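Reviewing the structure listed below.
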Amino acid sequence: MTRIAIVGGAGRMGQILARGLGALDDMDVVALVDPHEPAELHGARYWPDLAGLEPSAVDVVVDFSAAESVGHSARWCGAHGVALVVGTTGLSESHRAELAAAAERTGVVVASNFAIGAVLAERFAAWAAPYFERAEVIELHHDAKADAPSGTAIATAHAIAAARRDAGRGPIVDTTTTWTLADSRGADAGDGVRVHSVRLPGLVAHQEILFGGPGEGLLIRHDSYDRASFVPGVALAIRTMNRRAGLVEGLATLLG
Ligand code: NAD
């Protein structure tokens, strides 16, 4: 039985993960950590801070909280040799450096999207990328999302650019010369792969990858209709990661 503490346990993802992971035969959610008291405990104990936890009572910390709290999780997990799975997005270079430092002493997985379909969509996009002249990414999320564009959109754009480079295709050159509205062509994520962000109530997490070539187009779309879509990927990470040391970035590596 894997014993799990969820940092951000009172949040939208924290509550879904507590229910979803707790329902699995091989996992036991023992602690919900959050400055705010969770609406439901799902059989776990509540802690306002990781510092209150007995490290030997936890096998894996799952962090879906806020970027500024990830360093604290990394330091606590590194110091106590507790494995760490991070889904929190909007991480800066210094947050990533703290995760890398923790990974020298314990296992760390960090992924901007734990939906297995989204990981596959990125893989399919990299496969298609060399065969089309242009590619653009549109990511669509709920209006409470703090960061833009999504980490998934950036990773997808980078995967497309890398696949194009590997195939000897140069950067995409935007032929727009007149902007009636500033930024209407979105942001260049590198090599001319443009990313557009949409924020609307009612959405969860969605992404469209559009390819265009002479006389044809290809659309790859992934939808997370419900936050439950992230639970199987988190469970996969917990089950397959090396819990002793090493940094895994992105779920794709663990999908094989
Ligand atoms: P939310 O605002 O509903 O919940 C965040 C929770 O974290 C809140 O309860 C907040 O009190 C808590 N928190 C803040 N600082 C904390 C700290 N220092 N210690 C413990 N808890 C702390 O947000 P959400 O929708 O649940 O999303 C949380 C994060 O997960 C965001 O970064 C979001 O982008 C990310 N996310 C990632 C994936 C993925 O697949 N990787 C999927 C969905 C959401």
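Values as computed for the structure displayed
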{"quantity": "Condition met for residue 142 (surrounded by fewer than 20 Cβ atoms within 10 Å (Cβ to Cβ) and touching a strand residue (DSSP E or B) at 6+ places or on another chain (Cβ under 9 Å))", "calculated": "yes"}
{"quantity": "Test result for residue 59, more than 8 Å from the ligand (Cβ to nearest atom), acidic (Asp, Glu) and either assigned by TED's automatic domain parsing to the domain that holds residue 205 or surrounded by 15 or more Cβ atoms within 10 Å (Cβ to Cβ) (or both)", "calculated": "yes"}
{"quantity": "Condition broken by residue 106, with the remaining ones in (1) under 23 Å from residue 255 (Cβ atoms); (2) open to solvent by 10 Å² or more (accessible area, probe 1.4 Å); (3) of a type in the set (S, T, N, Q) satisfied", "calculated": "(2)"}
{"quantity": "Which listed residue, of 185, 244, 221, is open to solvent by 70 Å² or more (accessible area, probe 1.4 Å) and at pLDDT 95 or above", "calculated": "221"}
{"quantity": "Residues of segment 113-149 that turn out to be assigned to a loop (DSSP other than H, G, I, E, B) and either within 14 Å of the ligand (Cβ to nearest atom) or among the hydroxyl-bearing types (Ser, Thr, Tyr) (or both), as a count", "calculated": "11"}
{"quantity": "Filter pass, residue 126 being at pLDDT 95 or above, assigned by TED's automatic domain parsing to the domain that holds residue 161 and either open to solvent by 10 Å² or more (accessible area, probe 1.4 Å) or out of contact with any helix residue (DSSP H, G or I) (no Cβ under 7 Å at 6 or more places or on another chain) (or both)", "calculated": "yes"}
{"quantity": "Residue identified as of a type outside the set (A, V, I, L, M) and away from the ligand (no atom under 15 Å from the Cβ) among 12, 105, 19, 75", "calculated": "105"}
{"quantity": "Flag if residue 156 is assigned by TED's automatic domain parsing to the domain that holds residue 66 and open to solvent by less than 60 Å² (accessible area, probe 1.4 Å)", "calculated": "no"}
{"quantity": "Residues of segment 67-87 satisfying the condition of being within 16 Å of residue 56 (Cβ to Cβ) and surrounded by fewer than 19 Cβ atoms within 10 Å (Cβ to Cβ)", "calculated": "79, 80, 81"}
{"quantity": "Extreme residue, farthest from residue 134 (Cα to Cα), among residues of segment 173-207 that are of a type in the set (Ser, Thr, Tyr) and more than 16 Å from the ligand (Cβ to nearest atom)", "calculated": "180"}
{"quantity": "From the options 159, 125, residue that is closer than 21 Å to residue 215 by Cβ, within 18 Å of the chain's Cα centre (by Cα) and not basic (Lys, Arg)", "calculated": "125"}
{"quantity": "Of the criteria (1) open to solvent by less than 30 Å² (accessible area, probe 1.4 Å); (2) touching a Pro at 6+ places or on another chain (Cβ under 9 Å); (3) on the phi < 0 side of the Ramachandran plot; (4) away from the ligand (no atom under 13 Å from the Cβ), which one residue 167 fails", "calculated": "(1)"}
{"quantity": "Near pairs, Cβ below 7 angstrom, 6+ apart or cross-chain, from segment 21-46 (under 21 Å from residue 239 (Cβ atoms)) to any residue that is open to solvent by 100 Å² or more (accessible area, probe 1.4 Å) and outside any loop (DSSP other than H, G, I, E, B)", "calculated": "30/45; 31/45; 42/19"}
{"quantity": "Residue 163 being closer than 23 Å to residue 255 by Cβ, in contact with a strand residue (DSSP E or B) (Cβ under 8 Å, 6 or more places away or on another chain) and among the hydrophobic types (A, V, I, L, M, F, W, C)", "calculated": "no"}
{"quantity": "Complete set of residues in segment 99-136 that are charged (D, E, K, R) and farther than 27 Å from residue 246 by Cα", "calculated": "133, 134, 136"}
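One line per residue, one yes/no per condition, for (1) at pLDDT below 95; (2) out of contact with any Lys or Arg (no Cβ under 6 Å at 6 or more places or on another chain):
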site	(1), (2)
177	yes, yes
193	no, yes
201	no, yes
212	no, no
216	no, yes
233	no, yes
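The values are calculated or read from the model by the stated rules, or taken from the named source; none is laboratory data. Bear in mind that the values here come from a model prediction, so they are computed numbers and not experimental data. When we count neighbours, we look across all protein chains shown, and the Cβ atoms used for this are built from the backbone with ideal geometry, even at glycine. Areas reflect the complete protein model, heavy atoms only, side chains present, ligands, DNA and RNA absent. Shrake-Rupley method; radii C 1.70, N 1.55, O 1.52, S 1.80 Å.
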